[in-house]
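Asker: Got a structure here, written out as structure tokens. Questions coming.
The values are calculated or read from the model by the stated rules, or taken from the named source; none is laboratory data. Bear in mind that the values here come from a model prediction, so they are computed numbers and not experimental data. Counting neighbours? That spans all protein chains shown, and the Cβs are built from the backbone with ideal geometry, glycine included. Only protein heavy atoms, including side chains, enter the accessible area calculation; ligands, DNA and RNA are left aside. Shrake-Rupley method; radii C 1.70, N 1.55, O 1.52, S 1.80 Å.
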Amino acid sequence: MGRLDGKVALLSGAGGGLGRAIAAAFVAEGASVMLADLDDAASELATTLGAPAASVPLDVTDEAAWSGAVTATVDAFGAIDVLINNAGILRVAPMVMTDLAMFTETVAVNQVGVFLGMKSVAPAMVAAGRGGSIVNVSSVAGLIGSPGHVAYAASKWAVRGMTKVAALELGPVGIRVNSIHPGLADTPMLQSYRDVGFEPQSVAPSVPLGRLATAADVAQLAVYLASDESRYSTGSEFVVDGGFSAGASARP
């Protein structure tokens, strides 16, 4: 308890499975959290979490909306110490069946959304003079190839690269930037696989630790990267996949 005492976080995609777990973990560790999302799920979660949480509508592809979310966070809590770029979508299809609209939609949310988040929040962090931590949620699909993920992989590899560039640019002003790379996590996003006839739980036997990730597994890593415990880590990939990406022995 108290690992994030006094810190203020802005969390995108707060209404989804990972977002809800991250929000709850941050509040439990003493942070104040601005929950940002497109729908009412974030505001409902803020009501549940109580005074340390507030909510703001956010379309991560809209630069003006990001500016509004930053202003709302600073107005509510006085500063921003942590940005969690968590919002994302998954579209599963073979490359030759991925149309341009599907590809560009995925890139707009998963890649452009992260870019706009970092660009919008960094000046507020610099102005506060407290340093900061930016955590970009990528994926193991940003580390290894996977059939059916051409759009998703393009966006998640881009997040990995942008993280490193931002770490180099923002390190001199005390802002750390790292990426999280979850494996398959047991969240509502897995429905995208079921919609195309694939059961994600069938992958569990090929994971060295024998199960899919939980949202809580990922949330605890986000807590670490947001906290001062990770004060000398920046520009790095933090993998939370049960060993799935370790090598060929992790495959069926």
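Asker: For the chain, build the charge dipole from Cβ charges (+1 Lys, Arg; -1 Asp, Glu) around the Cα centre, then report which of V92, G15, V33 sits farthest towards its positive end.
Answerer: Of the candidates, V92 comes out farthest on the positive side.
Asker: Right, here's the next one. Probe of 1.4 angstrom, ligands and nucleic acids ignored: what's the accessible area per residue over the chain, in square angstrom?
Answerer: 43
Asker: Can you give me the Cα centroid spacing of region 171-204 and region 65-116 in angstrom?
Answerer: 14
Asker: Highest mean first, how do 195-207, 1-13 rank when packing is the count of other Cβ atoms within 10 Å averaged over residues?
Answerer: Going by the mean number of other Cβ atoms within 10 Å, highest first, we get 1-13, 195-207.
Asker: With a length cut of 18 Å (Cα positions projected on each helix's long axis) and a Kyte-Doolittle mean of at least 1.0, go through the chain and give me the DSSP H helices that pass.
Answerer: Values: long enough: 63-77 (21 Å, 0.65); 113-128 (23 Å, 1.44); 150-170 (30 Å, 0.62).
Membrane-span-like by this rule: 113-128.
Asker: Any idea what the dipole of the chain comes to, in debye rounded to 20, about its Cα centre with Lys/Arg Cβ at +1 and Asp/Glu Cβ at -1? Each step should come with its number before you reach the end.
Answerer: Numbers: 14 positive and 22 negative charges, 140 e Å.
It comes to approximately 680 debye.
Asker: Of all the C-alpha pairs in region 137-252, what % are more than 24 Å from each other? Don't skip to the end; give the middle numbers.
Answerer: Values: 1907 of 6670 pairs.
Here the tail beyond 24 Å accounts for 29 percent of pairs.
Asker: What residues from region 210-225 fall in the zone where the backbone N is under 16 Å from a label point 7 Å along the Cα-to-C-beta line of T48?
Answerer: 215-217, 219
Asker: Of the candidates M97, M162, M189, which one comes out as most mobile in a Gaussian network treatment of the chain with C-alpha springs shorter than 10 Å?
Answerer: The residue with the greatest mean-square fluctuation here is M97.
Asker: May I ask which residue of G247, P200, I134 lies farthest towards the positive end of the charge dipole of the chain, with charges of +1 (Lys, Arg) and -1 (Asp, Glu) on Cβ and the Cα centre as origin?
Answerer: Value: G247.
Asker: Most fluctuating residue of A28, A51, A216 in a GNM of the chain with Cα springs under 10 Å: which is it?
Answerer: Of the options given, A51 has the highest mean-square fluctuation.
Asker: Something else now. Given a 1.4 Å probe and every protein chain left where it sits, what share in percent of the accessible area of the chain is carbon and sulfur?
Answerer: Values: 6450 of 10870 Å².
C and S atoms contribute 59 percent here.
Asker: Quote the relative contact order of region 1-96 in percent (integer), defining contacts as alpha-carbon pairs under 8 Å separated by 6+ residues. All intermediate terms of the calculation are to be shown ahead of the outcome.
Answerer: Values: 173 pairs, mean separation 30.8, N = 96.
Reported as a whole number, the value is 32 percent.
Asker: Convert each backbone phi in region 129-145 into a coupling constant with the Karplus relation 6.51 cos²θ - 1.76 cosθ + 1.60 (shift: θ = phi - 60°), then list the ³J(HN,Hα) values in order as whole Hz, x for Gly and Pro.
Answerer: With coefficients 6.51, -1.76 and 1.60, one gets x, 10, x, x, 9, 10, 10, 9, 7, 9, 5, 4, 5, x, 10, 9, x Hz.
Asker: Quick one: go through region 223-240 and flag any residue whose amide nitrogen is under 16 Å from the point 7 Å out along the Cα-to-Cβ line of L168.
Answerer: 234-237
Asker: Now, a different point. With springs only between Cα atoms under 10 Å apart, run a GNM on the chain and tell me which of A65, A127, A36 wobbles the most.
Answerer: Of A65, A127, A36, the Gaussian network model singles out A127 as fluctuating most.
Asker: Two-decimal Rg/Rh of region 2-156 from alpha-carbon positions, Kirkwood Rh? All intermediate terms of the calculation are to be shown ahead of the outcome.
Answerer: Working: Rg = 15.8 Å, Rh = 15.8 Å.
Reported Rg/Rh, Kirkwood definition of Rh: 1.00.
Asker: Run lengths n ≥ 4 of DSSP H only: what is the helix-derived mean residue ellipticity at 222 nm for the chain, with -39500 (n - 2.57) per run over all residues, to the nearest 500? List each step's numbers first, then the result.
Answerer: On the way: 8 runs with 97 residues, N = 252.
Result for the chain: -12000 deg cm²/dmol, rounded to the nearest 500.
Asker: Show me, bin by bin at 5 Å from 0, the whole-percent P(r) of region 90-186 based on Cα pairs.
Answerer: With 5 Å bins starting at 0, P(r) equals 3, 14, 23, 20, 16, 11, 8, 4, 2, 0.
Asker: Work out how much length S146 to A216 would gain on full extension: take 0.36 nm times their residue separation and subtract the Cα-Cα distance, in nm to one decimal. Numbers along the way, then the final one.
Answerer: Values: separation 70, 0.36 × 70 = 25.20 nm, distance 2.42 nm.
That works out to 22.8 nm of additional length.
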